[in-house]
Amino acid sequence: MKEEIRNNVIKLTLLLVASMFGGYFVYKTFFPEHYFSWYPYIIVFYFILGFVSIVSISKATVKDGNSYYRTFMLLQTLKLMSVSIVGILYAFLVGEQVVSFFVSFFLFYVIYLVFETRVSIKLNNKFKNEFTQKK
């Protein structure tokens, strides 16, 4: 399980770093007036969110199917709440390039959501296969 967590964290890191540099390139090349100084912190936010999700889902799949589904739904709820809170706080407290922030934040959310869904499905399928083999 630890190796699986490590591999998924490495994949998450590579995905976020590649996305960050891709976004940075697009901002600096095509839309330099829309670049905002908080852009790198979006990556940090999604990395922390991803790390917590990967560890939680991995541990939940070891327990049983019900634990997996409860954990998955709890993480989805917490993720949606944290994304909303961060967006609102940024808009009210920082206010620098708010539209650019929300566009970037949403794009990273979609990228992260696709990654998290793929990881969750793989872990759930692995758990199901291991459970049926034990029977």
- [ ] List the equivalent ellipsoid semi-axes of the stretch 69-123 in whole Å, largest first, each obtained as the square root of 5λ for an eigenvalue λ of the Cα gyration tensor.
- [x] 26, 14, 5
Open item on the list: Let me check against my output: what whole-number percent is the relative contact order of the chain, with C-alpha pairs under 8 Å and at least 6 apart?
Closed with: 34 percent
TODO: Compute the signed sum of charges (Lys and Arg +1, Asp and Glu -1) over the other residues within less than 12 Å, Cβ to Cβ, of Leu49.
DONE: 0
TODO: Holding the Cα-Cα limit at 19 Å, pick out from Lys2/Lys122; Lys2/Lys79; Lys63/Lys122; Lys11/Lys63 the pairs that are longer than that.
DONE: Lys2/Lys79; Lys11/Lys63
- [ ] Quick one: which residues, 5 or more positions from Gln97 or on another chain, have an amide H under 5 Å from its amide H? H modelled 1.01 Å from N in the peptide plane, none for Pro or chain starts.
- [x] none
Task: Share of carbon and sulfur in the accessible heavy-atom surface of the stretch 33-104 [1.4 Å probe, %] - done: 75 percent
Task: the stretch 29-102-the stretch 111-127 distance, computed between alpha-carbon centres (Å) - done: 16 Å
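The values are calculated or read from the model by the stated rules, or taken from the named source; none is laboratory data. Please read all numbers here as calculations on a predicted model, not as lab measurements. Note: ideal-geometry Cβ built from the backbone for every residue, glycine included; neighbour counts use all protein chains shown. What goes into the accessible areas is simple: the full protein's heavy atoms, side chains included, and nothing from ligands, DNA or RNA. Shrake-Rupley method; radii C 1.70, N 1.55, O 1.52, S 1.80 Å.
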